[in-house]
Amino acid sequence: DLRDGLNDLLADPDLDAIVLATPHSQHADQIAAAARAGKHIFVEKPFTLDKAGADAARAAVENAGVVLALGHNRRFLASMARVRDLATSGALGTLLHVEGNFSASGALRYTEEHWRASAAESPAGGMTGLGVHLVDTFISFLGPIDAVNCVSIRRAAPVAVDDTTTMLLRFASGITGTLTTLFATERIWRLQVFGSAGWVEMRNYDRLIIRLKGEDERIEDFPAMVMERAELEAFADACEGRAPYPLPLDDAVHGAAVLEAIIASATGDGALVRVKR
């Protein structure tokens, strides 16, 4: 039993930290249990499926004084750091709009026995497996999201999970955004930020295409890196007190609130849903 296994780990005095790669609906309770046991926690995304669970998990780790690290490894990409710099430095002028697409074929491989093959663990199609990475990316340099409209349907998945999910985002800053995640096609990561002085497009993780006002389009390539190693090393540094984990809990909780709003909109025929704050 997974719960017994977790309890055994939490009772081990020689264990300082744990990594949770468990079903999403279990995260909040498991984080709270680990915090009570005094263990540092690395948890895979999504943090939780709603803001209430995220708030409870945050309170548990803050009360226990342990590290909680959320596994959004795209934050560690050198190419992503460059996008953030262009967007926040003024190089793109007044920011107008952001577009993102993170898609893959996971739903085509699911069988009924897979824990992800249910609307309870995979609401709004590819959001919990893929799209939440873009939500976190947007939050990391564009700030809070105020409202969402989401349409999510099933077209090709062999199990009862949506595979075509798209949405409009409205940021507190006034920027608009669109996010698409398809769960029954070939893999793609694309991110594009538009401003009054130009735009930057990220294709996969190693290439940026940049077009600034008065300049020719140019390409910047980046060497491959192991994102998972980078995030786990950052977790270790945080556990040892060398540096804070570079994903603030404020962002983690807000990301869960955005996911909750997306799920609510998807189940409400695309109605506008305000993000809980």
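For the reader, a short list of remarks on this structure follows.
- For beta carbons closer than 6 Å, sequence separation of 6+ or different chains, a first residue in region 24-50 that is closer than 21 Å to GLU231 by Cβ and of a type in the set (Lys, Arg) and a second that is in a helix (DSSP H, G or I) and open to solvent by less than 20 Å² (accessible area, probe 1.4 Å), the qualifying pairs are LYS45/VAL132.
- Looking only at residues in region 63-84 that are touching a residue at least 60 places away in the same chain (Cβ under 8 Å) and over 30 Å from ASP221 (Cα atoms), the one that is surrounded by the most Cβ atoms within 10 Å (Cβ to Cβ) is LEU68.
- VAL159, sole failed condition from (1) outside any strand (DSSP E or B); (2) open to solvent by 60 Å² or more (accessible area, probe 1.4 Å); (3) in contact with an Asp or Glu (Cβ under 8 Å, 6 or more places away or on another chain): (2)
- Counted residues, region 35-69 - those being in contact with a strand residue (DSSP E or B) (Cβ under 7 Å, 6 or more places away or on another chain) and farther than 26 Å from PRO13 by Cβ: 2
- Among the candidates GLY93, GLY38, residue that is of a type in the set (Gly, Ala, Ser) and either at pLDDT below 95 or over 30 Å from ARG207 (Cβ atoms) (or both): GLY38
- Output for region 257-277, where each listed residue is outside any loop (DSSP other than H, G, I, E, B), farther than 17 Å from ARG74 by Cβ and of a type outside the set (S, T, N, Q): ALA257, GLU260, ALA261, ILE262, ILE263, ALA264, ALA266, VAL273, ARG274
- Failed criterion for ALA238 (all others in (1) of a type in the set (A, V, I, L, M, F, W, C); (2) open to solvent by 30 Å² or more (accessible area, probe 1.4 Å); (3) modelled with pLDDT of 95 or more hold): (2)
- Taking each residue of region 113-126 that is at positive phi and looking for partners that are among the β-branched types (Val, Ile, Thr) and open to solvent by less than 10 Å² (accessible area, probe 1.4 Å) with beta-carbon atoms closer than 8 Å, six or more apart or interchain, yields ALA124/THR165; ALA124/ILE262; GLY125/VAL161; GLY125/THR165; GLY125/THR181.
- Filtered residues of region 146-156 (kept if open to solvent by 10 Å² or more (accessible area, probe 1.4 Å), touching a helix residue (DSSP H, G or I) at 6+ places or on another chain (Cβ under 8 Å) and within 30 Å of ALA87 (Cα to Cα)): ASN149, VAL151, SER152
- Counting only residues that are of a type in the set (S, T, N, Q) and surrounded by fewer than 17 Cβ atoms within 10 Å (Cβ to Cβ), region 187-212 holds 2 of them.
- Cross-chain or 6+ apart pairs with Cβ under 7 Å, region 85-99 first and in a helix (DSSP H, G or I), then open to solvent by less than 50 Å² (accessible area, probe 1.4 Å): LEU86/LEU92; LEU86/VAL200; ALA87/LEU95; ALA87/PHE141; ALA87/VAL193; THR88/PHE141
- Residue match in region 42-57 (condition: among the hydroxyl-bearing types (Ser, Thr, Tyr) and either in a helix (DSSP H, G or I) or open to solvent by 40 Å² or more (accessible area, probe 1.4 Å) (or both)): no
- Condition met for VAL200 (under 27 Å from LYS51 (Cβ atoms), among the aliphatic types (A, V, I, L, M) and modelled with pLDDT of 95 or more): no
- Among the residues making up region 137-148, those that are out of contact with any Lys or Arg (no Cβ under 7 Å at 6 or more places or on another chain) and closer than 19 Å to SER103 by Cβ are PHE138, VAL148.
- Residues in region 195-251 that are under 22 Å from the mean Cα position of the chain (by Cα), of a type in the set (A, V, I, L, M) and not in a helix (DSSP H, G or I): VAL200, MET202, LEU208, ALA224, MET225, VAL226, ALA243, LEU247.
- Of all residues in region 207-235, those that are free of Cβ contacts under 8 Å to residues at least 24 places away in the same chain have Cβ atoms under 9 Å from Cβ atoms of residues that are open to solvent by 90 Å² or more (accessible area, probe 1.4 Å) and of a type in the set (Asp, Glu), 6 or more apart or on another chain, in ILE209/GLU217; ARG211/GLU217.
The values are calculated or read from the model by the stated rules, or taken from the named source; none is laboratory data. Since this is a predicted model, take the numbers as computed values, not measurements. So basically every Cβ, Gly included, is an ideal-geometry build from the backbone, and we count neighbours across all protein chains shown. In case anyone asks, the SASA skips ligands and DNA or RNA and just uses the protein heavy atoms, side chains included. Shrake-Rupley method; radii C 1.70, N 1.55, O 1.52, S 1.80 Å.
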